[in-house]
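Single-structure report; data block below.
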Amino acid sequence: MEKRRVVITGAGICSSLGDTWEEILKTLKGLQNCVVRMDDWDKFGDGMNTRLAAPYTKELRAYPRKKIRSMGRVSRLALQATDDALRMAGLVDAEGNTVDEIHNGRTGISYGSCMGSLDANMDFCYMLETNDCSRMDATTYVRAMPQTAASNLSVYFQIRGRIITTNTACTSGSQSIGYSYEQIAYGFQDMMIAGGAEELSAADSDIFDTLYAASTKNDAPKTTPSPFSKERDGLVIGEGAGTLILEEYEHAKARGAKIFAEIIGFGTNQDGNHITTPNQATMARAIELAIEDAKISPDEIGYVNAHGTATGHGDVAETNATESVFKRAVPISSTKSYTGHTLGACGTIEAWVAVNMMRDGWFHPTLNLTSENLDGECGKLDYIMGNGREIKADIVMSNNFAFGGVNTSLIFKKI
């Protein structure tokens, strides 16, 4: 079956970097990360070592209470990003009215997060620990369930097409893009809402703290995370949401939509060997699958946006996997050096950053990385450092790798 072309016609971001590309680019060129010390986390005492995070600090937009009462913070972040994406794509007008085509069954949604809102999950725990059901209500489960963002968005915007929930940890956002691309490419849908979101919780940071994978440079938040550096000491958790509107190329042209880029390749697989330790061979295979799907040579890819979490095993496995496929020093950098790890949101946020850098011809550096502190165990790649770099690239790649051994690779082309 011949594939249909798939393009991006809208995007919405809620990120510590900013909400618009203009804000995001200004932050990137400012060459300072968005990491802060979370003083409130001192209450956890010696049980948790890290105090660092990159929260979304803007006030969430107001929406009718009746329409958001089943939404926790993760769904609210997803709603704001999706609303902005639909508006950019010309599918929602200034008054908030959606075009009829969104409801005809040919528009679907693929959205994910690591988990639902933790405050709702705590209400379940409270009941089981105290035998008191008073904190449970009709929305508790909907706010807590892992598919809360996808389900709430489909109801809010009255989406009647396919729904795919990609609750695959750190690949939730990138898998949502990839699976949406496939839905359109093979004719099942004409448009897809694709994205991921994550609300900030100290519990998320403590998960990595217990694995000795969270940064503890608590008194120097601007020096961490430091992907690919031999001085790195772990990741920092971030918060945010990202939504892309994907559309069949001829469909987008027919309605006069602005096209930002074309998605030409997607690869995903599983390691199948360990729940948390990455597998270099299967990571490389996911990258190869995307290149094969795009029907291009690795030499045509001008830049790679790395997963780049600043964890020891992760950085080494990822960069060596990348080198093994490209067999050259491809330019590469990590957006997480600015945002921290936004978990379910990172794949979409990083994809949008990569697309816009390709369009502008300027690519951000990996912060806190120098030629002097580059880890020699990492792959031999062209690590972008310092003030960033101007590169003429018509094709870029964005990669993500998750707990559970889930690997994803996306390829975007300038159009």
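The values are calculated or read from the model by the stated rules, or taken from the named source; none is laboratory data. Please read all numbers here as calculations on a predicted model, not as lab measurements. Note: ideal-geometry Cβ built from the backbone for every residue, glycine included; neighbour counts use all protein chains shown. Heads up: the accessible areas ignore ligands, DNA and RNA and are worked out on the full protein's heavy atoms, side chains in. Shrake-Rupley method; radii C 1.70, N 1.55, O 1.52, S 1.80 Å.
Given the options Cys170, Cys133, name the one that is in contact with a helix residue (DSSP H, G or I) (Cβ under 7 Å, 6 or more places away or on another chain) and without any contact (Cβ under 8 Å) to a residue 12 or more places away in the chain.
Values: Cys170 fails: without any contact (Cβ under 8 Å) to a residue 12 or more places away in the chain.
Step by step, each of Cys170, Cys133 is checked, and only Cys133 is in contact with a helix residue (DSSP H, G or I) (Cβ under 7 Å, 6 or more places away or on another chain) and without any contact (Cβ under 8 Å) to a residue 12 or more places away in the chain.
Restricting attention to segment 163-200, the residues being open to solvent by less than 30 Å² (accessible area, probe 1.4 Å) and under 15 Å from the mean Cα position of the chain (by Cα) number 19. Of all residues in segment 140-158, exactly one satisfies the criterion of being within 11 Å of Ser113 (Cβ to Cβ), open to solvent by less than 30 Å² (accessible area, probe 1.4 Å) and not in a helix (DSSP H, G or I), namely Met145.
Scanning segment 394-404 for residues that are outside any strand (DSSP E or B) and at pLDDT 95 or above yields a single hit, Asp394. For Glu250, the requirement of being open to solvent by 50 Å² or more (accessible area, probe 1.4 Å), assigned to a helix (DSSP H, G or I), touching a residue at least 60 places away in the same chain (Cβ under 8 Å) and not β-branched (Val, Ile, Thr) is met.
Residue-level check: of (1) surrounded by fewer than 16 Cβ atoms within 10 Å (Cβ to Cβ); (2) free of Cβ contacts under 8 Å to residues at least 60 places away in the same chain, Gly376 misses just (2).
In segment 18-41, the residues that are farther than 19 Å from Phe260 by Cβ and acidic (Asp, Glu) reach residues that are surrounded by 13 or more Cβ atoms within 10 Å (Cβ to Cβ) and modelled with pLDDT of 95 or more with C-beta atoms within less than 8 angstrom, at least six apart or across chains, in these pairs: Asp39/Arg51.
I'm checking my understanding of the structure. Among residues of segment 253-265 that are more than 13 Å from Ile184 (Cα to Cα) and not small (Gly, Ala, Ser), which one is least open to solvent (accessible area, probe 1.4 Å)? Filtering segment 253-265 for residues that are more than 13 Å from Ile184 (Cα to Cα) and not small (Gly, Ala, Ser), the one least open to solvent (accessible area, probe 1.4 Å) comes out as Phe260. Every listed requirement among (1) open to solvent by less than 20 Å² (accessible area, probe 1.4 Å); (2) in a loop (DSSP other than H, G, I, E, B) is met by Tyr63 save one, (1).
Screening segment 41-60 for residues that are open to solvent by 90 Å² or more (accessible area, probe 1.4 Å) and over 26 Å from Gly242 (Cβ atoms) and picking the one that is modelled with the lowest pLDDT gives Asp46.
On the basis of being under 18 Å from Thr216 (Cβ atoms), out of contact with any helix residue (DSSP H, G or I) (no Cβ under 8 Å at 6 or more places or on another chain) and part of a helix (DSSP H, G or I), does Lys43 make the cut? Here the answer is yes, as Lys43 does meet what is asked.
Of the residues making up segment 71-101, just one is surrounded by fewer than 21 Cβ atoms within 10 Å (Cβ to Cβ), at pLDDT 95 or above and either assigned to a loop (DSSP other than H, G, I, E, B) or β-branched (Val, Ile, Thr) (or both), namely Gly90.
Can you tell me which residue is most open to solvent (accessible area, probe 1.4 Å) among those in segment 201-215 that are of a type in the set (Ser, Thr, Tyr) and within 20 Å of Pro146 (Cα to Cα)?
Pass one, segment 201-215, residues of a type in the set (Ser, Thr, Tyr): 201, 205, 210, 212, 215.
Restricting the remaining residues to those that are within 20 Å of Pro146 (Cα to Cα) gives 201, 205.
Numbers: Ser201: 21, Ser205: 4 Å².
If we take residues in segment 201-215 being of a type in the set (Ser, Thr, Tyr) and within 20 Å of Pro146 (Cα to Cα), then Ser201 is most open to solvent (accessible area, probe 1.4 Å).
Does segment 275-297 include one or more residues that are open to solvent by less than 10 Å² (accessible area, probe 1.4 Å) and either in a loop (DSSP other than H, G, I, E, B) or touching a Leu at 6+ places or on another chain (Cβ under 6 Å) (or both)? No; the residues of segment 275-297 include none that is open to solvent by less than 10 Å² (accessible area, probe 1.4 Å) and either in a loop (DSSP other than H, G, I, E, B) or touching a Leu at 6+ places or on another chain (Cβ under 6 Å) (or both).
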